[in-house]
Ligand code: ADP
Ligand code: 5GP
């Protein structure tokens with residue numbers, strides 16, 4: 001049930017290892033009526049990742065077809081692979097009044113903010129670069145070469161943090177989830193989303 005309220009588009013970015021997937025999983029547990037947009041990517045699945053749930057794992061040819069067919073709301077290259085947001089499911093959920101969360105990197109986020117100026121953006125960062133590096137290493141999903149590439153990319157992404165509306169610090173995950181949930185709740189209470197209760201429209 002959404003009481004006739006419009007769905008809101010939330011964009012979450014932050015360097016690899018900041019805790020975006022962990023945070024999004026917490027938010028999905030806590031919040032009703034939220035849809036996580038499953039991206040398409042050309043990267044290989046990590047151990048434990050499921051096709052269609054974590055990502056749609058596609059070939060480079062298939063990804064190019066999706067671009068050519070106008071199927072993607074945004075896309076970007078990130079550390080040697082392509083990532084993109086399928087537009088169809090995202091728009092369908094928004095039109096049904098569901099809130100939609102995108103976990104995307106900063107170039108794609110900039111495209112979304114241009115196309116959808118009412119999107120609400122959050123940049124996630126641990127309490128320091130040291131904590132970021134430690135988490136990337138502890139995750140044990142990437143080779144040393146990939147970790148160094150992701151850390152270099154992190155410096156670039158952090159320079160773009162100012163374009164986001166909110167910054168969430170992920171030191172303790174429950175505190176980070178409290179912060180992100182507070183943003184989502186406050187945004188839903190904006191007058192523009194609530195006036196219809198008063199006017200009956
Ligand atoms: P991202 O999706 O941003 O790349 P992940 O959610 O995969 O990051 O988190 C990176 C690693 O850090 C994972 O091993 C995850 O379990 C761990 N992690 C995430 N948030 C926290 C936290 N608040 N405290 C400790 N470890 C965390
Ligand atoms: P990972 O390989 O760690 O899952 O993701 C690498 C980066 O790609 C992360 O910053 C993540 O937010 C981003 N990403 C995931 N899906 C998309 C997408 O659909 N579009 C864009 N632009 N970035 C994405």
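The values are calculated or read from the model by the stated rules, or taken from the named source; none is laboratory data. The structure presented is a predicted model; accordingly, all values stated were derived computationally and were not measured. Heads up, the Cβs are rebuilt from the backbone with ideal geometry, glycines too, and the neighbour counts pull from every protein chain shown.
If you take the residues in region 41-58 that are more than 13 Å from the chain's Cα centre (by Cα), buried (at least 16 other Cβ atoms within 10 Å of the Cβ) and outside any loop (DSSP other than H, G, I, E, B), which one is nearest to ligand 2 (Cβ to nearest atom)? Going through the qualifying residues, I end up with 41. Return yes or no: is residue 191 farther than 24 Å from residue 107 by Cα, touching a strand residue (DSSP E or B) at 6+ places or on another chain (Cβ under 9 Å) and without any contact (Cβ under 8 Å) to a residue 60 or more places away in the chain? Considered against the rule, which asks whether it is farther than 24 Å from residue 107 by Cα, touching a strand residue (DSSP E or B) at 6+ places or on another chain (Cβ under 9 Å) and without any contact (Cβ under 8 Å) to a residue 60 or more places away in the chain, residue 191 comes out as no. Looking across 35, 75, one residue alone is modelled with pLDDT of 95 or more, more than 12 Å from ligand 2 (Cβ to nearest atom) and buried (at least 17 other Cβ atoms within 10 Å of the Cβ). It is 35. Scanning region 108-157 for residues that are within 20 Å of residue 83 (Cβ to Cβ), more than 13 Å from ligand 1 (Cβ to nearest atom) and in contact with a strand residue (DSSP E or B) (Cβ under 8 Å, 6 or more places away or on another chain) turns up 108, 109, 111, 112, 113, 115, 116, 119, 121.
Among 108, 97, 84, 69, which is surrounded by fewer than 17 Cβ atoms within 10 Å (Cβ to Cβ) and at pLDDT 95 or above?
Just one listed residue meets the conditions, 69.
Taking region 50-68 as the region of interest, how many residues are more than 19 Å from residue 88 (Cα to Cα) and touching a residue at least 12 places away in the same chain (Cβ under 8 Å)? Matching residues across region 50-68 total 2.
So in region 151-160, with the set limited to residues that are under 17 Å from the mean Cα position of the chain (by Cα) and closer than 18 Å to residue 77 by Cβ, which one is surrounded by the most Cβ atoms within 10 Å (Cβ to Cβ)? Only one residue fits best here, namely 157. Would you confirm whether any residue within region 168-182 is farther than 18 Å from residue 25 by Cβ and either within 16 Å of ligand 1 (Cβ to nearest atom) or modelled with pLDDT under 95 (or both)? No: zero hits. As a summary of the residue check, residue 47 satisfies the conditions (1) over 22 Å from residue 185 (Cα atoms); (2) touching a strand residue (DSSP E or B) at 6+ places or on another chain (Cβ under 7 Å); (3) touching a residue at least 40 places away in the same chain (Cβ under 8 Å) except for the one numbered (2).
Here residue 115 passes the criteria (1) over 20 Å from the mean Cα position of the chain (by Cα); (2) farther than 18 Å from residue 21 by Cβ except the one numbered (1).
Identify all residues within region 3-34 that are assigned to a loop (DSSP other than H, G, I, E, B) and either near ligand 1 (Cβ under 9 Å from one of its atoms) or under 17 Å from residue 163 (Cβ atoms) (or both); write none if there are none. Correct list: 14, 15, 16, 17, 18, 19. Touching a residue at least 60 places away in the same chain (Cβ under 8 Å) and under 24 Å from residue 112 (Cβ atoms) - does that describe any residue in region 133-148? No, that holds for no residue.
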